[in-house]
Amino acid sequence: MFKVNDYIMYGMTGVCKILDISNEKFINNEHRKYYVLSPIYYDKTIIKVPVDNNKIQMRKIISKENVTLLINDIPNMEALWIDDEKKRNQQFKTMLKSGQCEDLIKLIKSINFNKEYTKSLGKKTYQSDNDIMKEAERLLNEEFAIILNISPSEVTSYIFSQTSQ
């Protein structure tokens, strides 16, 4: 169970702060506990999620130590590519929905490698790959930004500065 003031990753919404854990009473006198979430990068949005909801992915954000380990491991991570667009799209969406930082990094790395390759052939990348990469970058940048105490727009240059040493 999470606590008030914890930062969590909430599904595809991204980083949220738990503002409260409230008890809601329904018409039939049933009581249910809810997390009251505030997405960090979306002002004036409040989300209420039942504490016992297992359908939506919620996890605590990773530690600064794990961010450093992941960044240091980026050069060793394998790029994943599936030539069949439908199968690739399915695999990439599954990885995206997992919300795991390592999966997000692999997605970004794989799509970037393919982008460079197709560009060298004078071709364009698939829009679906670009959309998935943008979403993976958003989720990863939001989480790393909170942990590193920088803005999401600074995360990519931070990662680059750490991996190019």
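The values are calculated or read from the model by the stated rules, or taken from the named source; none is laboratory data. Quick caveat, the model's predicted, so the values are computed rather than measured. When we count neighbours, we look across all protein chains shown, and the Cβ atoms used for this are built from the backbone with ideal geometry, even at glycine.
Can you name the residue in the range 60-95 that is in contact with an Asp or Glu (Cβ under 9 Å, 6 or more places away or on another chain) and of a type outside the set (A, V, I, L, M) and, of all such residues, is nearest to Ala136 (Cα to Cα)? Explain how you work it out, then say what you get.
First, the residues of the range 60-95 that are in contact with an Asp or Glu (Cβ under 9 Å, 6 or more places away or on another chain): 60-62, 67, 70, 73, 77, 85, 88-89, 92, 94-95.
After this cut, where a residue has to be of a type outside the set (A, V, I, L, M) as well, the list is 60, 73, 85, 88-89, 92, 94.
Details: Lys60: 17, Asp73: 18, Glu85: 18, Arg88: 15, Asn89: 13, Phe92: 10, Thr94: 11 Å.
For the range 60-95, the residue satisfying everything is Phe92.
Restricting to the range 27-45, and then to whatever is touching a strand residue (DSSP E or B) at 6+ places or on another chain (Cβ under 7 Å) and either of a type in the set (S, T, N, Q) or exposed (fewer than 12 other Cβ atoms within 10 Å of the Cβ) (or both), can you tell me which residue is modelled with the lowest pLDDT? Talk me through it step by step, then tell me what you get.
Taking the range 27-45 as the starting set, the residues that turn out to be touching a strand residue (DSSP E or B) at 6+ places or on another chain (Cβ under 7 Å) are 31-41, 45.
From what is left, the residues that are either of a type in the set (S, T, N, Q) or exposed (fewer than 12 other Cβ atoms within 10 Å of the Cβ) (or both) are 31, 38, 45.
Working: His31: 84, Ser38: 96, Thr45: 89.
The selected residue is His31.
Quick one: which of Lys119, Lys124, Lys115, Lys134 is more than 25 Å from Ser63 (Cβ to Cβ), assigned to a loop (DSSP other than H, G, I, E, B) and either within 11 Å of the chain's Cα centre (by Cα) or of a type outside the set (A, V, I, L, M) (or both)? Even if it seems obvious, please write down each step before you answer.
Numbers: Lys119 fails: assigned to a loop (DSSP other than H, G, I, E, B); Lys115 fails: assigned to a loop (DSSP other than H, G, I, E, B); Lys134 fails: assigned to a loop (DSSP other than H, G, I, E, B).
Matching residue, one of Lys119, Lys124, Lys115, Lys134: Lys124.
Can you find a residue in the range 21-34 that is under 16 Å from Gly99 (Cβ atoms) and within 23 Å of the chain's Cα centre (by Cα)?
Within the range 21-34 (the criterion being under 16 Å from Gly99 (Cβ atoms) and within 23 Å of the chain's Cα centre (by Cα)), the answer is no, since none of the residues qualifies.
Given the criteria in contact with a Cys (Cβ under 7 Å, 6 or more places away or on another chain), outside any loop (DSSP other than H, G, I, E, B), modelled with pLDDT of 90 or more and not hydroxyl-bearing (Ser, Thr, Tyr), does Leu70 qualify?
Working: in contact with a Cys (Cβ under 7 Å, 6 or more places away or on another chain): yes; outside any loop (DSSP other than H, G, I, E, B): yes; modelled with pLDDT of 90 or more: yes; not hydroxyl-bearing (Ser, Thr, Tyr): yes.
Yes.
Does at least one position in the range 76-87 carry a residue that is outside the structural domain of Lys17 (by TED's automatic domain parsing), in a helix (DSSP H, G or I) and either within 18 Å of Cys16 (Cα to Cα) or in contact with a Ser or Thr (Cβ under 8 Å, 6 or more places away or on another chain) (or both)? Spell out the reasoning first.
Taking the range 76-87 as the starting set, the residues that turn out to be outside the structural domain of Lys17 (by TED's automatic domain parsing) are 76-87.
Still in the list and also in a helix (DSSP H, G or I): 76, 85-87.
The next check asks that each one be either within 18 Å of Cys16 (Cα to Cα) or in contact with a Ser or Thr (Cβ under 8 Å, 6 or more places away or on another chain) (or both); those that pass are 85.
Yes, the range 76-87 contains at least one residue that is outside the structural domain of Lys17 (by TED's automatic domain parsing), in a helix (DSSP H, G or I) and either within 18 Å of Cys16 (Cα to Cα) or in contact with a Ser or Thr (Cβ under 8 Å, 6 or more places away or on another chain) (or both).
List pairs: first residue in the range 12-28 and within 16 Å of Pro50 (Cβ to Cβ), second residue among the charged types (D, E, K, R) and at pLDDT below 90 anywhere in the structure, Cβ distance under 8 angstrom, at least six positions apart or on different chains.
As it stands, the answer is Asn23/Arg32; Glu24/Arg32; Phe26/Arg32, since those pairs meet every condition given.
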